[in-house]
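The values are calculated or read from the model by the stated rules, or taken from the named source; none is laboratory data. Please read all numbers here as calculations on a predicted model, not as lab measurements. We place every Cβ from the backbone using ideal geometry, glycine too, and count neighbours over all the protein chains shown.
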């Protein structure tokens, strides 16, 4: 299995023999991409179907030694290559809201097959950076705010991709949580924050066998991450035992030949500017040891051989956007879309009772699948919210209006049986950012970070405030890549549905949930505060940014600040009851179990979550942290026993004095339930001083 390190290491001897036979120039030829930024832009301008990464981007390859080139395909919401062919899955943030690692692994397999159909052998779409503040424009590409959750979902995607003999590239390592300043900012934090908050999810993917890592543009403690000896050599390769290869982010991921090569960088992408002849010269002049080149060549050759030499899973173009893959995208949207509010059980709408429904909002009829940066996917079609509603309720008169005129919006709302507002963001509001000075029209994205507000646009706030109360059957569908503030308008509408960027079949899933064809089951992968000031503050245009230990729900809980909506929260059209909680531990795992019953009148899914508390620690630690989750499907009246386990390793803290993770022999509160809010949890404790589990009720 390609995720197994031992399997890949079995190719070491063969790879080493090839390395030993190569000249210095041949070895270094493996270490650079073949697509310069200039040529990339030219192709995008001259090719009728041209766009960033419309074909796989290559690096290296030695035909005479049967070493294939690395062929890069970007992501993560599908394969960026091609036009009108790829399956566009929901963005990772929605997939994170599903809390369904099994589904994410299946999505990884589908993506791996489509990479191969395009002729690629590497998928650079395992994006697991942690949004320190939800305003980060590219946070739609990741799974949520929680390190444990990021690691579990990223691991699942990596495994799925590599099961199809495609290399999973995990990015962006590390401390990449800003767009506007990503090429210039130097991030700083203390050692515990580094090791407990910002690096564990990367290690989890490495431990799961990911074959490649992409370094990030930003600096960490004054050194570019693409040159960073501590991050790349000491932590990733030496301490974690990473056996694959590291590649730079494109264009500006390397700034100096000698620093990058000595710092642990193995491959310059997407073209070759600092490696190639400049690196040959640096080695000849004694500035870079040839052993560094040998290590890079060995890593690249070994990984490529392991993934391609015995590849028996060929895929042709028929797999691109196939019915099976599109169905998977729809399933993902159904599982991740999150019902946040449902006053008076306004949803689901009864399509047999409705005669007229009004869809209001400029996003209601937009093909809105996420930002237009390097993650943009080009599917055959996109179902808008309006089309989804029309298709699901053919006997209902559906009227669409952009909402520009408030008085006209009120008139339409007053005459309708129900109103759906579709509001939020698109690629102009948030996404990957490249300034005009850096490269005009590099990827066509200028969204950047949400540096002004985490709320809706002012015109949308006014629309909801003034038109929402006109009709008692009102629902707001939110589109966006991360948390959206709700306090100014949430009481003006009855129901609120977070749809994120739901992919090519997103409109179908939205409509299915609005009308009850599908029972919502998504859970927020972030906390929603009452005030933006409750979150860590970030200067989005800066050369220096400090990250504190606490962010997200852990920060609010530590500071005893009540959130508007807790992490892990999501409503359903049925009700679930949890009882009979039990907690135990052994030398390797801590476990929580309970019995869950669907006490409502329809089938539904619930996400059961386990949290571990640290309030008895002698050092500063969070009140509690997510340490396990699982999805459960239950028919009306059905009960199941659920057990979640967590390795004791996940309970350790990093001691900067000993430079080791250490376990505390203390009493650990353990929680199992349906969100991070204590009211949604059953609790108990495990006394690791005497290794005795004590269970008690809510």
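Overview of values
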| read-out | value |
| --- | --- |
| Residues satisfying the stated conditions in segment 35-74, i.e. on the phi > 0 side of the Ramachandran plot and either part of a helix (DSSP H, G or I) or under 28 Å from the mean Cα position of the chain (by Cα) (or both) | 53 |
| Pair list, Cβ < 9 Å and 6+ apart or interchain, from segment 320-340 residues that are on the phi > 0 side of the Ramachandran plot to residues that are modelled with pLDDT of 95 or more and not in a loop (DSSP other than H, G, I, E, B) | 321/114 |
| Wholly within segment 594-698, strands (runs of 3 or more DSSP E) carrying at least 2 residues that are modelled with pLDDT of 95 or more and more than 16 Å from residue 582 (Cβ to Cβ) | 604-613, 624-634, 653-655, 660-662 |
| Filtered residue count, segment 183-215, keeping only those that are closer than 26 Å to residue 71 by Cβ and in contact with a strand residue (DSSP E or B) (Cβ under 7 Å, 6 or more places away or on another chain) | 8 |
| Every residue from segment 598-613 that is touching a strand residue (DSSP E or B) at 6+ places or on another chain (Cβ under 7 Å) and crowded, with 17+ Cβ neighbours inside 10 Å | 598, 604, 605, 606, 607, 608, 609, 610, 611, 612, 613 |
| Matching residues in segment 44-60 - criterion: being surrounded by 14 or more Cβ atoms within 10 Å (Cβ to Cβ) and touching a residue at least 12 places away in the same chain (Cβ under 8 Å) | 44, 51, 52, 53, 54, 55, 56, 57, 58, 59, 60 |
| Which listed residue, of 666, 619, 644, is without any contact (Cβ under 8 Å) to a residue 60 or more places away in the chain and exposed (fewer than 15 other Cβ atoms within 10 Å of the Cβ) | 619 |
| Residue that is at pLDDT 95 or above and either in a strand (DSSP E or B) or at positive phi (or both), where the choices are 124, 110, 97 | 124 |
| Residues (under 37 Å from the mean Cα position of the chain (by Cα) and surrounded by fewer than 17 Cβ atoms within 10 Å (Cβ to Cβ)) located in segment 13-33 | 13, 14, 16 |
| Which numbered condition residue 585 fails, given (1) modelled with pLDDT of 95 or more; (2) in contact with a strand residue (DSSP E or B) (Cβ under 6 Å, 6 or more places away or on another chain) | (1) |
| Filter result for residue 112 (more than 30 Å from residue 568 (Cβ to Cβ) and more than 13 Å from the chain's Cα centre (by Cα)) | no |
| Count of segment 293-317 residues which are modelled with pLDDT of 95 or more and either closer than 30 Å to residue 519 by Cα or surrounded by fewer than 22 Cβ atoms within 10 Å (Cβ to Cβ) (or both) | 3 |
| Counted residues, segment 199-217 - those being without any contact (Cβ under 8 Å) to a residue 60 or more places away in the chain, closer than 24 Å to residue 660 by Cβ and part of a loop (DSSP other than H, G, I, E, B) | 1 |
| Positions within segment 343-384 being farther than 29 Å from residue 141 by Cβ and out of contact with any helix residue (DSSP H, G or I) (no Cβ under 8 Å at 6 or more places or on another chain), in sequence order | 343, 344, 345, 346, 350, 352, 353, 354, 355 |
| Residues that are outside any loop (DSSP other than H, G, I, E, B), more than 12 Å from residue 360 (Cα to Cα) and touching a residue at least 40 places away in the same chain (Cβ under 8 Å), drawn from segment 391-421 | 391, 392, 397, 414, 415 |
| Filtered residues of segment 653-663 (kept if in contact (Cβ under 8 Å) with a residue 12 or more places away in the chain and surrounded by 14 or more Cβ atoms within 10 Å (Cβ to Cβ)) | 653, 654, 661 |
| Subset of segment 385-403 (residues that are buried (at least 24 other Cβ atoms within 10 Å of the Cβ) and either closer than 26 Å to residue 137 by Cα or outside the structural domain of residue 474 (by TED's automatic domain parsing) (or both)) | 385, 403 |
| Residue count, segment 299-316 (criterion: touching a strand residue (DSSP E or B) at 6+ places or on another chain (Cβ under 9 Å) and either over 15 Å from residue 163 (Cβ atoms) or part of a loop (DSSP other than H, G, I, E, B) (or both)) | 7 |
| Total residues in segment 554-567, condition under 9 Å from residue 527 (Cβ atoms) and in a loop (DSSP other than H, G, I, E, B) | 4 |
| Any hit, segment 328-340, residues being in a loop (DSSP other than H, G, I, E, B), within 30 Å of residue 567 (Cβ to Cβ) and out of contact with any strand residue (DSSP E or B) (no Cβ under 8 Å at 6 or more places or on another chain) | no |
| Failed condition for residue 577, given (1) farther than 16 Å from residue 98 by Cα; (2) assigned to a strand (DSSP E or B); (3) in contact (Cβ under 8 Å) with a residue 24 or more places away in the chain | (3) |
| Strands (runs of 3 or more DSSP E) (entirely within segment 433-535) containing at least 3 residues that are under 23 Å from the mean Cα position of the chain (by Cα) and within 22 Å of residue 372 (Cα to Cα) | 446-448, 474-479 |
| Test result for residue 517, surrounded by fewer than 21 Cβ atoms within 10 Å (Cβ to Cβ), at pLDDT 95 or above and in the same structural domain as residue 432 (by TED's automatic domain parsing) | yes |
| Some residue of segment 21-34 being farther than 24 Å from residue 289 by Cβ, out of contact with any helix residue (DSSP H, G or I) (no Cβ under 8 Å at 6 or more places or on another chain) and outside any helix (DSSP H, G or I) | yes |
| Selected residue [touching a residue at least 24 places away in the same chain (Cβ under 8 Å) and closer than 21 Å to residue 143 by Cα] from 541, 587, 548 | 548 |
| Unique residue being in a helix (DSSP H, G or I) and surrounded by fewer than 22 Cβ atoms within 10 Å (Cβ to Cβ) when the list is 367, 324 | 324 |
